[in-house]
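Here the structure comes first, spelled out in structure tokens, and everything after it is commentary.
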Amino acid sequence: MASYVKGERVEVWSNSQKAWSTDGVVLEAPDRDCVIDGYAIPAGAVKVTSSAGTKWILPDQVPDVLRKAQGAEPDPRPAPGAGAGPSATRADSRPGMCKMSCGRPVQPGLTRGMKAFDTCCKKCAQGKGGHDENCGGTSSSSAALMRKDTGLEDPRSWLKQLLSSEEILKKHVSKVMASSGAGDAVTAEKAKQAVSRPQLTWSVWMAAFIHLCFFALFVCLFAGHLLEPLGTTLQVDDKAAARWVSEYGTSGVMDLTAFTKLARALIQDRLQIWFPEKLPAQIHNFVRKNPSSKVESVYDVGKLLGEGSFGKVYNVQHRVSGESRVCKKIAKLKGRHGMKVEEILQEIESMAMLDHPNVIKVYEYFEDKDSVSQIMEPCCGGELQDRINEVFQKGQPRYPESFVCDVMKQTLRALAFMHSHNFMHKDLKPQNIMLVSKDASSIKVIDFGLAELFEPDQKHSDAFGGTLLYMAPEVFNLKLEFKSDIWSAGVILYNLLTGDYPFMATWPLPKGKTMEWWQNELTRSIKEDHFRDNKLLHSAWSPESVDLLRLTLEKDVGKRPGAAGCLEQRWFKTHEAAPPPLSVGVTQCLEAYASQPEMKKAIFLLIAHMCTAPALQELRAIFTHFDVLNRGALSLSHFREVLFQAGMAALQVEQITHALDQDASGMVTWTEFIAAALCVSVCRNRRLVEAAFAVFDKDMDGKVSMEDFAEYFALGDVRDVWLRHLPAELKLIGEKGPDGKYTKEQFVEYVGKRMVVTSGDALKAVT
């Protein structure tokens, strides 16, 4: 077996790409059994990083997936961990390596501007020598991170508990006063004694001493102790401190009762600032009829992409934002041609309610006397059916099993999400699955014309519908249920593996037989026969893929697994690719988002719904990786643990999860996540901000009013809370004009205001 050393360039076999990745670098190569990253690592194992991710390769796997870089010369530069001097300025030519030529891999993931990192850490990028603790080239960057000792698990509950009980609050305040040596009352002399306490920094002590502001010193000290369980302090200026002592004390002295009143006021203030009342927003409220009846007034209409029995599909570009979209123009029912308007609108409503990375997104619609035009996100890779036909009918090279696995995983994740929201698709087939691009396996489920929303306690539907070749046996008994979609997914899997159908009546029609005979025979086969054998199932694909096929095509619906159960099958684990990390830059964006005003968060949600940023593919992979329940949303309890692993304190974690759950559902949805992750980059994108303004500016006069915002946000159950907070939120935009409106420039400045982003030195990427 070849031996490897730390810092050596290697090539790594990628199962998903069926190719050697040539940019690999050895991070660890122990020659004896040891513990690294919190794991017991056997001698001969190798830890590598490459474009495929960072991973440990066990000794018995090394010969198959790792090899020496072809034609590589010995690398004279220091190995990862060896550091680099201030003179290291030459750009590194190796992919994935720090441009400062320190020999370390770049920080993994995305920067807060949603670009790939090009240096290993901030300190190295400054060119002054040394590396941050979270440097991308050290073992700590991908270690099994331990949660920080941040004291309280739930800061918000602790603060509320203090406010809910006078006895608990007084007890806590008494401890604060006792720990400061203040006794029952605070005098100037005792405040002086508190100056030297270790909780105070030298700079704070000197400032207080120079200005003889012992009252300010006292309040700073107590504020720090007051919130010490949260790991934070309050910044108090001299005037505020003097005002508090004057307001709550007597003759310049505060007793226990007085300080308890001050403590209550401080805690109430912190709760309001850290955990403001939510102004819930939901993306389905953004999907509505455009006031203009003409698509051409808002979009530049491009080439015709396709034509069907009910209408045409065009490529269009939004004139303000520059975003590329698709327009599906559907003819209204006239005589026997076209579709009923209510059916078209029902499909739009279904898509608007399904916020998932693998469900097609609809933005808005237009209506004129002849048609309804849906504006949707583009999928440039064509139908999945076209990809199947290319392989099995046109003789193109067969796609790898990893492609099939990825397509099925995304399809089942979309179904798991739909079913958890009581939606049944009812017409799942390869023609209704779109590939996002020609050279990738990312998919979107489309065509919700037959989708049915079940009542909360509804188990079955008797509404017959779908495409015969993909119908489950129970459909013919008019007992449709969510697992009927799983059967359709199984037929799609059979299509992908064989290019054929698992159940089929004789075709072309035998002499003397009619289409009615063919439909009846196919129905009988689906209800009674085992799926057809095909030699490709035994010779070209893994047994694990066929195992999943058998499960999905189980005739007994009680034995057929649901979407989440299918995703637990070992086939998906076999082809599981290393996920991109929740990187330092993305984590910084989440924290910056949490500190934004409530209406601004809602506007970021609108922008996230509208835009198609290049980083979405990587953010989608992060989102689905941390969606451990396969529900199409992040569990708050699990996501808290992820943020803890990134190195955040409990207070930061609670603020972020409070802010991200924009609709107060207890989960973080796809668009809520990307609204936070993209906030730093999109606020600098004037075209996107102006496009958001155009949504509210219906009369296109370059101004918006409180009523314009209320029309999008103050709806349904949240109407009252929005109307109560809107006046204060709008003051942050600026002074309204004599007409009671705000200009586009005011809006752009408000949304684009530079965010305060904390240093990421102490944060770490989490996979």
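Please treat every number below as a calculation from the coordinates, not as lab data. Note that the structure is a prediction, hence the values are computed from the model and not measured. Counting neighbours? That spans all protein chains shown, and the Cβs are built from the backbone with ideal geometry, glycine included.
Using a 10 Å cut-off on Cβ atoms, rank the peptides 711-717, 5-11, 332-338 from the highest mean neighbour count down.
Details: 711-717: 15.6, 5-11: 18.9, 332-338: 11.3.
Result, highest mean first: 5-11, 711-717, 332-338.
Once you sort the root eigenvalues of the Cα gyration tensor of region 228-353 as a ≥ b ≥ c, which label holds: rounded (a/c under 1.5), prolate (a/b larger than b/c) or oblate (the other case)?
Note, shape of region 228-353 comes out prolate.
Please list the non-local residues whose amide H lies under 5 Å from the amide H of K736, H modeled 1.01 Å from N, same-chain partners needing a gap of 5 or more.
none
Against the longest principal axis of the chain, how steep is helix 256-274, in degrees 0 to 90 to the nearest 10, with axes from Cα atoms?
Result, in degrees: 30.
Kindly put E153, E528 in sequence by how many other C-beta atoms sit within 10 Å of each C-beta, fewest to most.
E528, E153
Which of M254, M418 comes first, and how do the rest follow, when ranked by fewest Cβ neighbours within 10 Å?
Arranged by neighbour count, lowest to highest, M254, M418 become M254, M418.
Taking the simple approach of a point 7 Å from Cα along Cα-to-Cβ for both H538 and R754, what is their distance in nm?
7.0 nm
If I stretch the segment between E576 and D64 completely, what's the gain in nm (0.36 nm per residue apart, minus their alpha carbon distance), one decimal?
Residue separation times 0.36 nm, minus the Cα-Cα distance, leaves 182.6 nm.
Quick one: if you stick a label point 7 Å off each Cα along the C-beta vector at K438 and D701, how many nm between them?
4.9 nm
Work out how much length D255 to E349 would gain on full extension: take 0.36 nm times their residue separation and subtract the Cα-Cα distance, in nm to one decimal.
Additional length available on full extension: 27.7 nm.
With 10 angstrom as the radius, rank H609, H421, H172 by how many other C-beta atoms surround their C-beta, starting from the fewest.
Ascending Cβ contact count within 10 Å gives the list H421, H172, H609.
At 222 nm, what value in deg cm²/dmol follows for the chain if DSSP H runs of at least 4 each add -39500 (n - 2.57) and the sum is divided by all its residues, to the nearest 500?
So the calculated ellipticity at 222 nm is -11500 deg cm²/dmol.
Specify the angular offset, from 0 to 90 degrees and rounded to the nearest 10, of the alpha carbon long axis of helix 238-248 from the longest principal axis of the alpha carbons in the chain.
Between helix and principal axis, roughly 80 degrees.
Along the Cα-to-Cβ line of E153, 7 Å from the Cα, sits a label point; which residues in region 651-689 have backbone N less than 11 Å from it?
none
How far is it, in nm, from the label point at A242 to the one at K122 when both lie 7 Å from their Cα along the line to the Cβ?
3.6 nm
Report the calculated FRET efficiency for T232 and Q519 (r = Cβ-Cβ distance, R0 = 60 Å), to the nearest 0.05.
Computed FRET efficiency for T232 and Q519: 0.30.
Of (i) 16, 50, 31, 3; (ii) 14, 40, 34, 11, 1, 0; (iii) 16, 52, 28, 4, 0, which one was derived for P(r) over Cα pairs in 20 Å bins from 0, in percent from the structure shown?
(ii)
Enter the angle in degrees (range 0 to 90, nearest 10) between the Cα long axis of helix 482-498 and the first principal axis of the Cα atoms of the chain, meaning the one along which they spread out most.
Long axis of 482-498 versus the principal axis of the chain: about 70 degrees.
Relative contact order (percent) for the chain, with alpha-carbon contacts under 8 angstrom and 6 or more residues of separation?
12 percent
Provide the per-residue ³J(HN,Hα) series for region 739-744, in order, calculated from phi with Karplus coefficients 6.51, -1.76, 1.60 and θ = phi - 60°, each as a whole number of Hz, with x at glycine and proline positions.
Karplus-based 3J(HN,Hα) across region 739-744 equals 8, x, 10, 10, 7, 4 Hz.
I'd like to know which of V404, A416, F366 lies farthest towards the positive end of the charge dipole of region 358-418, counting +1 on Cβ of Lys and Arg and -1 on Cβ of Asp and Glu.
Going by the charge dipole, the pick is V404.
R0 = 25 Å: FRET efficiency of L636 with K479, Cβ-based, nearest 0.05? Spell out each step's value before the answer.
Working: r = 36 Å, r/R0 = 1.43.
Calculated value: 0.10.
In whole Å, how far is the Cα centre of region 279-339 from that of region 412-465?
Spelled out, the Cα-based centre of one part sits 21 Å from the other.
Shape call for region 584-751 from the C-alpha gyration tensor, a ≥ b ≥ c root eigenvalues: rounded (a/c under 1.5), prolate (a/b greater than b/c) or oblate?
prolate
How much length is gained on full extension from T506 to L551, taking 0.36 nm per residue of separation minus their Cα-Cα distance?
13.6 nm is the gain from fully extending T506 to L551.
Pop the C-beta distance of E342 and S309 into the FRET formula with R0 = 22 Å and round what comes out to the nearest 0.05.
The computed FRET efficiency comes out at 0.75.
If you average the alpha carbon positions of region 530-598 and of region 644-684, how far apart do those two centres end up, in angstrom?
25 Å
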